[in-house]
Structures are given as structure tokens and as C-alpha cells.
Amino acid sequence: MRFTKAFVPARGYWSSPFCKWQGKFSSLHPVHFAADVTRRALAARRIAADQLDAVVFGATVPSRHVFYGAPWLAALIGAEGVTGANVSQACATSAVAVAHAASRIECGGARSIAVVLADRCSNGPHLYYPNPMAPGGRGDAEDWVWDSFNHDPWAKNAMIETAETVAKEAGISREAQDALALERYEQYRQGVASGFHRGFMVAPYEVNPTGRKVVATVEHDEGVFATTEAGLAKLRPVLRDGSVTFGTQTFPADGNAGMVICDRERATELGGGESPVELLAFAEARVEKGKMAKAVVPAARKALDAAGVALRDVAVIKTHNPFAVNDLYFAQQLGIDTASFNQHGSSLVFGHPQGPTGARLMAEGIEQARARGGGLVLFAGCAAGDTAAAVVWRV
């Protein structure tokens, strides 16, 4: 899908820190939390809520009252006169939400849309489905987060098994995965040391779940553990006869992120006259059943083709990498060095709140391109089962 009229104002993107499962954000309602972060982000960028024509809300984990989603969020950020859609497509939610908003801009249906992504993997819902035909009329239960991680109803496998399948097929060793995890940690650590993330992150954030008392202050991501070669080598594979360890996969987390999608004139105006970031293309792909890590490659290629550019033209590449296998396969298939992408951070290291993960990675990619004076940015990431999505930007 090619875009020609969708833009983001200069610095018109943001993210909260990400906190590990059952960490400091675990008691915050994801919609209230996202609304607070969005209000702060818009105020810092001098974007008034009454300048928005719509809101797109993306989430993958249900929470109380989320039925009202985008309209509720719009009211909470001060845009009471507008509404919008709820979007959910597993880990591709950010990319799909951006494409949805951009499509409205492209068709002339709006001039400025806030895209807000929020998920809380902590304390996910435990659902009960009535089933009067079951023995004794007993219903069916589902743990939304953990059961989804551990069972794909189509491929009949768990997320981690998709990584193991691709690792075996592509000849990706345990040692290569350990080396990649260490490399990604060092890239993230260097980003933190340089202050890179401060350019887009809404932090410090005071955690005040009741509105009466601040119980914690989050300065940066929570849950990132010091990673060493020796420490990785000590870990056992999660699955018997497998190669993926807890050190070479991401972890569930809580957080939110967002950006404003506009037409060129409005984006320039909201960016204080600075040149806006241009959205060039969006694409999706699906591969063989249960081989999720492979899907990122065709999604990236399709997005680049739609944008009319080649991989060699891209200045910054960011990928959602729930498993080290993902990046190793991506590099193998595209013929690039693993050190050449995911600089400053990736979801393998800072965690995975699902819905907002892609939006944060896009913000990082855009920020990195700005720092180097511009260029093309490719974001690509897998989604549940055997699918992926990709987006191309021009900074």
C-alpha cells in the first residue's frame, strides 16, 4: 500500500517507558495510563487536542471498559468532539493502526489523527465462555495472555515453537542466538548511555494508580537485565531439545506509545514549520503455518517494493524481534549484518507490550534517522502465528 499524503509532524511521536510483567505499571489501567502519557506528549509538542479530527486506538489485551476504546480515549485527552476506531492485530497492531489512520488522511477523510497504542500484559483477563452444550453446562475458560502465547488454534503450536521451527529449518544455532542477544543488549545499553531515548520518551513517569499517592517513579524501562556471554551460556533451553532460552526471547511488558498522522500542511504546522516525516508504504505478509519468524522478510520486501525503494537505500532498520531467531533469519535472508539494524534498542531487550511495541520501534527509527540528518526508515515485525507487517518512512 503506497501513501503520498500521510505525514507525521517533527517529533510528533512518543512512548512511555516499558515495564516488565507485574512491574511498576501493572496496576495502571492501560487506557487511563495511555491518555495521561498522550496528554503530556501533546502538550510538550504544543499540539492541542482540538486540532485532532479523530483518534485510532490500538490494543491486543482486553481491559475494563475497553469496549469504548477510541471515543473514551479521545475524551480523556481533551478531544471530546471526535471519535475513531479500535484496532487489534496482535503484534502488528501498531503498523496496522498507522496504516488505518494514513488511509483516512489519504482519502481526505481527516487532516490530523492521533494513533495511540496501549497494552498491559500484566493482570490480563481470565475469560469464561458459556457453553450450555458442555457436560453439566460447564463453560470454557481462557487466560487471554498466556493461552494466546501458548496455543495458535491454526498451527496448533506455541509462539516459542515457531522460533524453534525456523531455527532448525534455517540452521540457526544456540550459539548464534546467544551472540545476537548480547549484541542487541549492547546496542540498547549504548542508546541509554547516550541519552538517545530521551528524545521521544515521556519520562520520568510517576505511578499514581489511585490518584492519591505516587507509589513509584519510572525513569526508564524496567525489566532489562544485564546480559553477558557467560550468563547466556548458563541458561537452559525453554523446550526440551530446543535452542531458545529465556535470554534469547523477549518478555511480556506494559506500556504505551503513539504518534500523530496528518496531511502535509497540517503536519508542517503542528511541527512548528519543520519538515514532517513522510509515510511511504505499508505491507503485510503471511508464510507457512506456524513459521512466524519467516514472515518479517516478505513483509519488508513488499513494503520496500510499494515504496519504490531498495533495501540498500534504507538508512535505518528496526525490527520487532520477540526471538533472536527473528533477526538472525532476517539478516540471513536479506544479506545484511545483524549489527547494522536495531541500533539503540529492540523489543528483544526492552520487552513486549504487544500493541505499542511497533510504535515505539518506529519512533526509535525516526529519531535515529533525524539524528543522522534524514533518510529512509524501515520497520518490520512479526505478528501472531505466521504473519508480519512492515512500514517505510522518509525522514
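Residues of segment 4-21 that are touching a Phe, Trp or Tyr at 6+ places or on another chain (Cβ under 7 Å), of a type outside the set (Ser, Thr, Tyr) and either outside any strand (DSSP E or B) or surrounded by fewer than 24 Cβ atoms within 10 Å (Cβ to Cβ) (or both): PRO17, PHE18, LYS20, TRP21.
From the list VAL66, VAL37, which one is β-branched (Val, Ile, Thr) and surrounded by 24 or more Cβ atoms within 10 Å (Cβ to Cβ)? Result: VAL37 is the single residue among VAL66, VAL37 that is β-branched (Val, Ile, Thr) and surrounded by 24 or more Cβ atoms within 10 Å (Cβ to Cβ).
Within segment 366-395, residues that are of a type in the set (A, V, I, L, M) reach partners that are in a helix (DSSP H, G or I) and surrounded by fewer than 24 Cβ atoms within 10 Å (Cβ to Cβ) with beta carbons closer than 6 Å, at six or more positions or on different chains, in the pairs LEU376/ASP313; VAL377/ALA369; VAL395/ALA369; VAL395/ARG370.
For ASN150, the conditions (1) touching a helix residue (DSSP H, G or I) at 6+ places or on another chain (Cβ under 6 Å); (2) exposed (fewer than 15 other Cβ atoms within 10 Å of the Cβ); (3) within 14 Å of PRO322 (Cβ to Cβ) all hold with the exception of (1). Any residue at all in segment 241-257 that is over 19 Å from the mean Cα position of the chain (by Cα), under 30 Å from SER63 (Cα atoms) and among the small types (Gly, Ala, Ser)? Yes, because at least one residue in segment 241-257 is over 19 Å from the mean Cα position of the chain (by Cα), under 30 Å from SER63 (Cα atoms) and among the small types (Gly, Ala, Ser).
Whether any residue in segment 192-206 is more than 30 Å from GLY335 (Cβ to Cβ), modelled with pLDDT under 95, surrounded by 15 or more Cβ atoms within 10 Å (Cβ to Cβ) and in contact with a Ser or Thr (Cβ under 7 Å, 6 or more places away or on another chain) is what I want to check. The answer is no, given that none of the residues of segment 192-206 is more than 30 Å from GLY335 (Cβ to Cβ), modelled with pLDDT under 95, surrounded by 15 or more Cβ atoms within 10 Å (Cβ to Cβ) and in contact with a Ser or Thr (Cβ under 7 Å, 6 or more places away or on another chain).
Within segment 141-165, take every residue that is aromatic (Phe, Trp, Tyr) and not in a loop (DSSP other than H, G, I, E, B) and give me the one that is farthest from ARG64 (Cα to Cα).
PHE149
Filtering segment 85-95 to residues that are surrounded by 23 or more Cβ atoms within 10 Å (Cβ to Cβ) and either touching a Phe, Trp or Tyr at 6+ places or on another chain (Cβ under 7 Å) or among the β-branched types (Val, Ile, Thr) (or both) leaves VAL87, THR93, ALA95. Scanning segment 310-338 for residues that are part of a helix (DSSP H, G or I), more than 25 Å from VAL277 (Cβ to Cβ) and out of contact with any Gly (no Cβ under 9 Å at 6 or more places or on another chain) yields VAL325, LEU328, TYR329, ALA331, GLN333, THR338.
Reported count of residues in segment 150-171, each being hydrophobic (A, V, I, L, M, F, W, C) and free of Cβ contacts under 8 Å to residues at least 60 places away in the same chain, is 1.
Those residues that are charged (D, E, K, R), under 21 Å from GLY258 (Cβ atoms) and in contact with a helix residue (DSSP H, G or I) (Cβ under 8 Å, 6 or more places away or on another chain), I need them from segment 200-236; list them, please. Within segment 200-236, ASP221 is the sole residue that qualifies. Which residue, of GLY273, GLY242, is free of Cβ contacts under 8 Å to residues at least 40 places away in the same chain and either surrounded by fewer than 20 Cβ atoms within 10 Å (Cβ to Cβ) or in a helix (DSSP H, G or I) (or both)? After applying the criteria, what remains is GLY273. Looking only at residues in segment 264-287 that are of a type in the set (A, V, I, L, M, F, W, C) and within 21 Å of the chain's Cα centre (by Cα), which one is farthest from GLY375 (Cα to Cα)? That would be VAL287.
Evaluate the following for ALA293: is it touching a helix residue (DSSP H, G or I) at 6+ places or on another chain (Cβ under 6 Å) and not in a strand (DSSP E or B)?
So ALA293 fits the description; yes.
Apart from one condition, GLU288 fits all of (1) part of a helix (DSSP H, G or I); (2) surrounded by fewer than 22 Cβ atoms within 10 Å (Cβ to Cβ); (3) in contact (Cβ under 8 Å) with a residue 24 or more places away in the chain; the exception is (1). Within segment 343-395, the set of residues being more than 19 Å from ASN150 (Cα to Cα) and in a loop (DSSP other than H, G, I, E, B) comprises GLN343, HIS344, GLY345, SER346, PRO356, ARG372, GLY373, GLY374, GLY375, VAL395. Considering segment 293-318, the residues that are among the aliphatic types (A, V, I, L, M) and surrounded by fewer than 17 Cβ atoms within 10 Å (Cβ to Cβ) include one that is farthest from the chain's Cα centre (by Cα), namely ALA310.
The values are calculated or read from the model by the stated rules, or taken from the named source; none is laboratory data. The structure presented is a predicted model; accordingly, all values stated were derived computationally and were not measured. Every residue, glycine among them, receives a Cβ derived from its backbone with ideal geometry; neighbour counts consider all protein chains shown.
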